[in-house]
Amino acid sequence: MIISIKFKTNFKIPYRLIILQHKHFLRLTDSILITNFVHQNLKKMKRILVYTLLFVFQLGFSQEVPKVLKTKFSKEALAQKLQDESGKETSIKDILHQHKGKVLVLDFWAGWCRDCLKAFPKAKELEANNPNIDFVFLSLERSKEGFDKSLEKHEMTDKENYWFASGWKNNFNNYVDLNWIPRYIVVDQKSDIAKYYAISPEDPEIQSTIDKLTK
């Protein structure tokens, strides 16, 4: 049954139509208010999303110091393959063998890593202060093209560089508990690990370890 409202003009408006139009108006008003709210707070929402993603990322890649500080490399870790700038494959074992008899610093980095780039000045200072120590740079770039571009961009072509074509997760990185970059490992003259975990070139234990090994 349709209820009608009678006006003096004898023009009848269906009551049901009034209710439907009112509901439609409310929905339209709500949509406009929500749209305006989203538009006005879009920057804040983007910022919240970025912070959330960073938080989730840090949960997966924590700076927590490993519980076991290893002193030797496993056979599986030593067998891990890398590529040099020309694309030629080599292994961690071969790299360590080339530097046997000298103190070696392994520097893990990537051009996309902001903390690595911030650490560059102090890393260069560490290298300059230890001219008799060998430094090898291990890149975590996502592609060979990215590896080549980063070396050029950051003036690294005069250094000994290698790239993990296998990506972050591989036998070597898993073995050394690579959970953050930059990362530094000091290797002694016998190719054993002297300083297992450092995430800053300013870590005083890097220099103190070098000093002990070169006395």
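Quick notes on this one:
- Those residues of the stretch 201-215 which are buried (at least 20 other Cβ atoms within 10 Å of the Cβ) and assigned to a loop (DSSP other than H, G, I, E, B), in sequence order: Pro201
For (1) of a type in the set (S, T, N, Q); (2) farther than 17 Å from Val186 by Cα; (3) in contact with a strand residue (DSSP E or B) (Cβ under 6 Å, 6 or more places away or on another chain), each residue gets a yes or a no:
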| residue | (1), (2), (3) |
| --- | --- |
| Thr71 | yes, no, yes |
| Lys75 | no, yes, no |
| Ser86 | yes, yes, no |
| Ser91 | yes, yes, yes |
| Leu96 | no, no, no |
| Lys118 | no, yes, no |
| Asn129 | yes, no, no |
| Val136 | no, no, yes |
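- In a residue-by-residue description of the stretch 142-161, the property of being surrounded by 21 or more Cβ atoms within 10 Å (Cβ to Cβ) and farther than 19 Å from Arg114 by Cβ applies to at least one position.
- Filter result for Asn129 (closer than 17 Å to Gln80 by Cβ and of a type outside the set (Asp, Glu)): no
- Scanning the stretch 142-157 for residues that are without any contact (Cβ under 8 Å) to a residue 12 or more places away in the chain and part of a loop (DSSP other than H, G, I, E, B) yields Ser143, Glu155.
- Test set (1) of a type outside the set (Asp, Glu); (2) touching a residue at least 24 places away in the same chain (Cβ under 8 Å); (3) surrounded by 15 or more Cβ atoms within 10 Å (Cβ to Cβ) - Ala198 fails condition number: (2)
- Residues (in a loop (DSSP other than H, G, I, E, B), in contact with a helix residue (DSSP H, G or I) (Cβ under 8 Å, 6 or more places away or on another chain) and closer than 13 Å to Tyr196 by Cα) located in the stretch 162-177: Val176
- Restricting the stretch 170-195 to residues that are of a type in the set (Lys, Arg) and touching a residue at least 40 places away in the same chain (Cβ under 8 Å), the residue that is nearest to His97 (Cα to Cα) is Lys190.
- Some residue of the stretch 186-193 being within 16 Å of the chain's Cα centre (by Cα), part of a loop (DSSP other than H, G, I, E, B) and of a type in the set (S, T, N, Q): no
- Subset of the stretch 108-141 (residues that are more than 15 Å from the chain's Cα centre (by Cα), touching a residue at least 24 places away in the same chain (Cβ under 8 Å) and either buried (at least 21 other Cβ atoms within 10 Å of the Cβ) or closer than 19 Å to Asp203 by Cβ (or both)): Phe120, Lys122, Ala123, Glu125, Leu126, Asn129, Asn130, Ile133, Asp134, Phe135, Val136, Phe137
The numbers here are math on the coordinates, done by the rules we state, and not lab data. Please read all numbers here as calculations on a predicted model, not as lab measurements. Don't worry about glycine lacking a Cβ; one is built from the backbone with ideal geometry, like all the others, and counts go over all protein chains shown.
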